[in-house]
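Below is one structure, written out as structure tokens, with a few remarks after it.
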Amino acid sequence: MLWIALHLPLLSLESFAATRAIAPNAGDTGDAGDAGDASATNEPPLAIIDAHHIASVNAPARALGIRPGMQRATALALAPGITLGPANPARDAEALRAVAHAALAFTPMVAVQPGNEAVAAANRSPDTVLLEVHASLRYFGGRELLLQRLHAALAPLGHCLHTASSPTPLGAALLARVHRELHCDDLAATSQALNAAPVWLLGPGRAHWEALQGMGLRTLRDLRLLPRTGLARRFGEALLDELDRALGSRPDPRVALQLPPRFDTRLELFHRADTTEQLLHGAGVLLARLVAWLSAQHAFARCFTLVMVHEPRSRRDTATPAATTLDIALAEPSRDTAHLLVLLRERLANLPLPAPTLELRLHCDDIAQRAPPSGELFPTAHSEQEGLTRLIERLQARLGVEQVQRLVSVQDHRPERATRTQPADARTVLRPRPALPMPLPAPAPAHRTQAVRPVWLLAQPEPLVERATGPLLDGQLLQFVSGPERIETGWWDAGLAERDYFIAQKPCGSLVWVYRARRPTDAAGPGWFLQGRFG
């Protein structure tokens, strides 16, 4: 077995920063000595408060002298402009669940560490995801390539990650809390690496930290050198049990995470959202979670729903709704975050909000199981049609469904009546359709080729000057290259047409489509007319 641990040292800070339309930079959490680069940024100082004490800070706050464990009043004295966010285990759990969903795309055995009992004992939220990847290594080309793809899949979620691997799940989880990246191939390497780990990483060790520190027991190596009987009598069997599971001398079964059949997530905003850009930031966070859920089951979304819960005190009257619902239906199932965000942006730009938004919710239960898109080197017919589908979706989102029209064929020989417009259905653009307008339905004689018509038709036929040698266009004599194509139709309505069509060439080489009305009963009258142009 080989377990990979994904530890999120800044989970609480990142989940809080996602509600403020800013991204957190790496800082310190108090649990890990190396939580990331503390490079200077233009971001405001942020900190998480838990029980009136600082639990996590970002780099700007740390540069001001604020540290985890500091009291709230002290932090405000050092940095009066700091933004303090309350610890929220439910908010952190939503963010961690998206990481677990993204991991499910690589192995079905994904678990969250610590479990519910450890959370209650340590008084902290889960912040580590475990993957058993032994059976997946060959498929992904080894651990290094698997880790590269795993990091790429988790990048849209915007979390600082520590990764560690070990034959035991708890060993990998403990190592990920100490090291940014460390990989052990066997139990001996795991045991050696765990010797230097602080003893407070164990749940019971954190509970008895003061007593252990007073005895000079600071690392797991110090703990292993003492008699087990005395340790069990003084600190309980739980401490030794957790140590044995980390070292692999005791079994450590894990329950695989079950993917929910319906996606449902929420994000409570720290500030009320009054503009589209503010809504899009929060919606982008939720869409990244949706894509992770879709990737876990190799599915694509057909539609999703964004619910914007409004601020109660800003509602103008009782007729103002408590929430605004926006349904996004896709012509082609997709899990492309950029494409989904573009559609959402276009729809939100045309949606008036009755009141500011305080909470966003995203729902999706209509999905399609399809093969993933191939990484083709050159564009194919399918990829080109997919681009046309996305173009139609974007135009409909911006202009409205009725404003985007397409031509459809009509069974009529008269060119001006052979097509009509109707709202474009992007779901049909991938289906092969005959060229417009339709050719004549009657089969052509064996000795003649099928009639060719131009796509560019004039709104009204243009009369041409006629000379004895033929019709003139722009003062130049036309030369016939094909024809005639006779049309006699429309006797059942007021549009009787008796015409002879020709393909003619101008002196410059361009081709045009002209006809001669055989009788004055034609709607355009007798004579020569220009009907269309060839591209």
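Read the figures in this text as sums done on the coordinates, not as results from a lab. Because the structure is a prediction, the values reported are computed rather than measured. Methodologically, a virtual Cβ is constructed for each residue, glycine included, from the backbone with ideal geometry; neighbour enumeration extends over all protein chains shown.
Couple of notes before you dig in:
- Three-way shape label, the stretch 3-247, alpha-carbon gyration tensor, a/c 1.5: oblate
- Per-residue 3J(HN,Hα) values for the stretch 478-494, derived from phi via the Karplus relation 6.51 cos²θ - 1.76 cosθ + 1.60 with θ = phi - 60°, read 8, 10, 6, 10, 7, x, x, 10, 8, 10, 9, 7, x, 6, 8, 9, 7 Hz in sequence order (x marks Gly and Pro).
- Counting only DSSP beta bridges whose two residues both lie in the stretch 3-247, roughly 75 percent are antiparallel.
- Between amide H atoms placed 1.01 Å from N, distances below 5 Å from Gly532 occur with Leu458, Trp513, all of them 5 or more places distant or on a separate chain.
- Neighbour-count ranking [beta-carbon atoms within 10 angstrom, fewest first] of Trp200, Trp456: Trp456, Trp200
- Listed from fewest to most Cβ neighbours within 10 Å, the set Ser165, Ser136, Ser510 follows the order Ser510, Ser136, Ser165.
- Between Cys184 and Ser165, Ser166, the built amide H atoms are under 5 Å apart, and every one of these is 5 or more places off in sequence or on another chain.
- Karplus 3J(HN,Hα) series, Hz, for the stretch 155-163 with 6.51 cos²θ - 1.76 cosθ + 1.60 (x for Gly, Pro): 4, x, 6, x, 10, 6, 10, 10, 10
- Cβ-to-Cβ counts within 10 Å put Tyr501, Tyr515 in ascending order as Tyr501, Tyr515, the fewest first.
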